[in-house]
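The values are calculated or read from the model by the stated rules, or taken from the named source; none is laboratory data. Just so you know, these numbers come straight off a predicted model, no measurement behind them. Note: ideal-geometry Cβ built from the backbone for every residue, glycine included; neighbour counts use all protein chains shown. Side chains included, ligands, DNA and RNA excluded: accessible areas come from the protein's heavy atoms. Shrake-Rupley method; radii C 1.70, N 1.55, O 1.52, S 1.80 Å.
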2 protein chains.
Amino acid sequence: MYRAVSSHRETHFTGSEMVRDIVIGMSDGLTVPFALAAGLSGAVASGHVVLIAGIAEMAAGSIAMGLGGYLAARSEHESYVSERAREEGEIDTKRDAEILEVREVFQKYGLTGDALETATSAIISNRRTWVDFMMKEELGLEEPDPKRALRSALTIGLAYIAGGIVPLTPYALNLTLSQALTWSVVLTLIALFAFGALKGRFTGSSVWKSAVQTMFVGAVASGAAFLIARLVSGMGA
Amino acid sequence: MYRAVSSHRETHFTGSEMVRDIVIGMSDGLTVPFALAAGLSGAVASGHVVLIAGIAEMAAGSIAMGLGGYLAARSEHESYVSERAREEGEIDTKRDAEILEVREVFQKYGLTGDALETATSAIISNRRTWVDFMMKEELGLEEPDPKRALRSALTIGLAYIAGGIVPLTPYALNLTLSQALTWSVVLTLIALFAFGALKGRFTGSSVWKSAVQTMFVGAVASGAAFLIARLVSGMGA
């Protein structure tokens, strides 16, 4: 029983972090290079320039997001360590206030009388578990997996590139700029819809709603980029 | 005393979410338009095209990230609601297993004997607090603030634009392309350094380390974009 319960927990957490990283990378990878290419197609005459800009964006975006994710995961770990040290310090210097905080947590969960007193005494009898308890209950923090940073960086970066390949492929083929734009729009909207549906399935929200919303974000971002690039190129000409 | 403790908690959380959103938006806003502009400068002859591409990227990126942040915050809320419903269902259908899970949580915190029994009985005596307890202890989830989604979207989007203005300004001035690139590199590395230092200060990690790391991410992403854009433009020519 215990093993079953704890393995259930683990799949829940690891799965959701991996899915979250893929969603982070692929959402932007499908949207931003697509929107940029569409925007430039409205302002620049050459499909070759659109492709170069798209690939440069894909390189920049995947590295910025991947490395950014790596550093974010690392700093989450550091922040946990420093908050934990602060909590340990407070247990030494403001012991009474911290005992009161343990009591308040249990009161919030409906404990009163003897149950409240024995539970509070038990928690504060061991310094390490007392700190664990306060980290989770007061600050909502759990110790992050130190191996997560690298895995997270690679997942986000590769998902970004995988996403970016879809809208850029038509510009690499032997098509006119307006044909490439049309194919890029069609393929990317389909990919955004499918990705949104999968995302909804994995995150447990409505599949259709997620599909339509994801497609909508891509359409709005690229529509805006298209109009703004047109405007700017008109002003400069 | 109670008020002091709870206001301390609130500033802690709200502050860190706002800072996190600014960091998310500005990290990418300073990095990606910069890297794209630098990459295109190595591949395209016209500063005007670089500026248009940069502005299109800024529009696409800020909307994609802002709207993405909005939907992420909303789906976090939906996911909380659906996980909560599942947990409520499990309390009804797998009552014994769920009681065992409460016991395991308290055992992990070092409770034994009477303290373990009374604390467990107290938690399971009220269905709502029992679910609260399992959401926090088993799944590490807290009810997200429903007003957060819009605030988060605007913060991320505006931070992205604020970041993107720095590297693009030189391309809007009356400079040669290589002068604009040089100024863009200098200004952006200074801005990344300053932003990294502030980020380190707010998140409680080392100011110098954060400054150097943030500058490093921008430099690597734009260096890679520069080289890849050069390569691609060479192949196509």
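Things to note:
- The range A:105-114, residues that are facing chain B (nearest Cβ under 7 Å) and either within 33 Å of the chain's Cα centre (by Cα) or buried (at least 17 other Cβ atoms within 10 Å of the Cβ) (or both): A:TYR109, A:GLY110, A:LEU111
- B:ASP92 satisfies every condition listed in (1) under 30 Å from A:THR118 (Cα atoms); (2) more than 7 Å from chain A (Cβ to nearest Cβ); (3) in contact (Cβ under 8 Å) with a residue 12 or more places away in the chain except (3).
- Any chance B:ILE52 is within 23 Å of A:VAL220 (Cα to Cα), open to solvent by 10 Å² or more (accessible area, probe 1.4 Å) and in a helix (DSSP H, G or I): no
- Among (1) assigned to a helix (DSSP H, G or I); (2) free of Cβ contacts under 8 Å to residues at least 60 places away in the same chain - the single one A:HIS77 does not satisfy: (2)
Matching residues to (1) surrounded by 16 or more Cβ atoms within 10 Å (Cβ to Cβ); (2) within 20 Å of the chain's Cα centre (by Cα); (3) more than 29 Å from A:SER46 (Cα to Cα); (4) among the aromatic types (Phe, Trp, Tyr):
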| position | (1), (2), (3), (4) |
| --- | --- |
| A:LEU177 | yes, no, no, no |
| A:VAL186 | no, no, no, no |
| A:ALA197 | yes, yes, yes, no |
| A:ARG201 | no, yes, yes, no |
| A:VAL217 | yes, yes, no, no |
| A:GLY223 | yes, no, no, no |
| A:ARG230 | yes, no, no, no |
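- Residue within the range B:100-119 that is of a type in the set (Asp, Glu) and in contact (Cβ under 8 Å) with a residue 40 or more places away in the chain present: no
- Among the residues making up the range A:133-151, those that are open to solvent by 50 Å² or more (accessible area, probe 1.4 Å), among the charged types (D, E, K, R) and closer than 14 Å to A:ALA72 by Cα are A:ASP145, A:LYS147, A:ARG151.
- Scanning the range B:56-76 for residues that are open to solvent by 20 Å² or more (accessible area, probe 1.4 Å) and at pLDDT 80 or above returns B:MET58, B:ILE63, B:MET65, B:LEU67, B:TYR70.
- Unmet requirement for B:ILE161, which otherwise passes all of (1) of a type outside the set (S, T, N, Q); (2) closer than 27 Å to A:LEU67 by Cα; (3) part of a helix (DSSP H, G or I); (4) out of contact with any Gly (no Cβ under 7 Å at 6 or more places or on another chain): (4)
- Residues in the range B:95-104 that are open to solvent by 30 Å² or more (accessible area, probe 1.4 Å) and facing chain A (nearest Cβ under 7 Å): B:LEU100 alone.
- Among the residues making up the range A:38-49, those that are in contact (Cβ under 8 Å) with a residue 24 or more places away in the chain, at the interface with chain B (Cβ under 9 Å from one of its Cβ atoms) and buried (at least 24 other Cβ atoms within 10 Å of the Cβ) are A:ALA38, A:GLY39, A:LEU40, A:ALA43.
- Hits in the range B:121-132 - residues which are more than 9 Å from chain A (Cβ to nearest Cβ) and open to solvent by less than 70 Å² (accessible area, probe 1.4 Å): B:ILE124, B:VAL131
- Within the range B:101-120, the only residue that satisfies the criterion of being out of contact with any helix residue (DSSP H, G or I) (no Cβ under 7 Å at 6 or more places or on another chain) and either farther than 22 Å from A:ASN126 by Cα or among the polar types (S, T, N, Q) (or both) is B:THR112.
- Condition met for B:LEU175 (outside any helix (DSSP H, G or I), in contact (Cβ under 8 Å) with a residue 24 or more places away in the chain and farther than 30 Å from A:GLU104 by Cα): yes
- Of all the residues in the range B:81-121, those that are part of a helix (DSSP H, G or I) and at positive phi number 1.
- Residues of the range B:136-151 that are in a helix (DSSP H, G or I) and within 11 Å of another protein chain (Cβ to nearest Cβ): B:LYS136, B:GLU137.
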